[in-house]
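Data first, discussion second: the structure below is written as structure tokens.
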């Protein structure tokens with residue numbers, strides 16, 4: 001599960017001096033927020049989080065399209081550029097996916113609550129996801145990144161990694177662009193658990209696979225510095241277990 005989308009209430013992150021900010025105030029047209037794309041890469045990456053609680057206010061077409069334009073700058077396998085992006089705004093279409101989301105969440109969410117019942121931080125995550133499930137129809141824009149062509153299955157693990165590696169870098173670009181312009185965004189997959197149903201809802205041909213969803217909206221909460229494990233706790237030199245940087249701290 002992703003970490004909570006509710007950052008601490010402090011005004012700035014101590015590590016990077018980044019602002020813990022809300023959505024842009026006033027005019028939220030592309031012309032008013034496009035300069036935010038000049039945000040430093042370090043700030044965008046340091047304050048990116050799964051923001052699930054968003055306002056129902058519609059997003060300027062040019063903002064969404066610019067996010068996708070920047071997503072298209074990402075590399076793909078063999079420069080195949082075998083992607084398509086469905087922008088969902090129709091309430092009936094979102095309602096159809098909301099029904100799928102709720103079916104999956106009844107199982108996944110119940111298990112999550114049982115397994116993490118003693119973890120306060122995970123309780124926040126579950127509440128945020130629950131809000132998204134309950135309010136999915138009101139999210140103004142949902143982007144569905146898709147891949148065109150068959151998955152490569154030989155050898156299975158490498159083939160699938162290569163296949164999905166042609167879309168997820170672009171999804172990360174999309175998330176960073178959304179972050180820079182002040183949009184709330186998250187990467188989700190549960191509404192797509194029934195691929196046959198998902199294709200029917202979107203009118204996708206069999207060769208086009210919906211991979212994930214990125215709900216977009218102006219955030220109700222804040223972006224801000226995230227809390228992560230120290231780099232030395234997750235890095236190994238040459239072989240697993242050689243934690244040469246265990247005591248390393250950020251500058």
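Laboratory data are not the source of any read-out in this text; all were calculated from the coordinates shown. Because the structure is a prediction, the values reported are computed rather than measured. Heads up, the Cβs are rebuilt from the backbone with ideal geometry, glycines too, and the neighbour counts pull from every protein chain shown.
Worth pointing out:
- Whole-angstrom gap from segment 181-196 to segment 17-86, using each part's C-alpha centre: 15 Å
- Each Cα pair of segment 73-117 feeds into the Kirkwood radius, which the Stokes-Einstein equation turns, at 25 °C and 0.890 mPa s, into a diffusion coefficient of 177 µm²/s.
- Share of pairwise Cα separations in segment 109-251, more than 27 Å, in percent: 43 percent
- Summary value for segment 103-189: 14 percent relative contact order, contacts being C-alpha pairs under 8 angstrom separated by 6+ residues.
- Calculated [θ] (222 nm, deg cm²/dmol) that DSSP helices of n ≥ 4 give over the chain, each run adding -39,500 (n - 2.57): -11000 deg cm²/dmol
- For the chain, averaging the sequence separation of C-alpha pairs within contact (under 8 Å, six or more residues apart) and dividing by the residue count gives a relative contact order of 34 percent.
- Equivalent ellipsoid, the chain (semi-axes from 5 times Cα gyration tensor eigenvalues, Å): 27, 24, 21
- Annotation for residue 138 and residue 168: the two label points, set 7 Å from Cα along the Cα-Cβ direction, are 3.3 nm apart.
- Spacing of the two label points (7 Å from each Cα toward its C-beta) at residue 79 and residue 236, in nm: 3.6 nm
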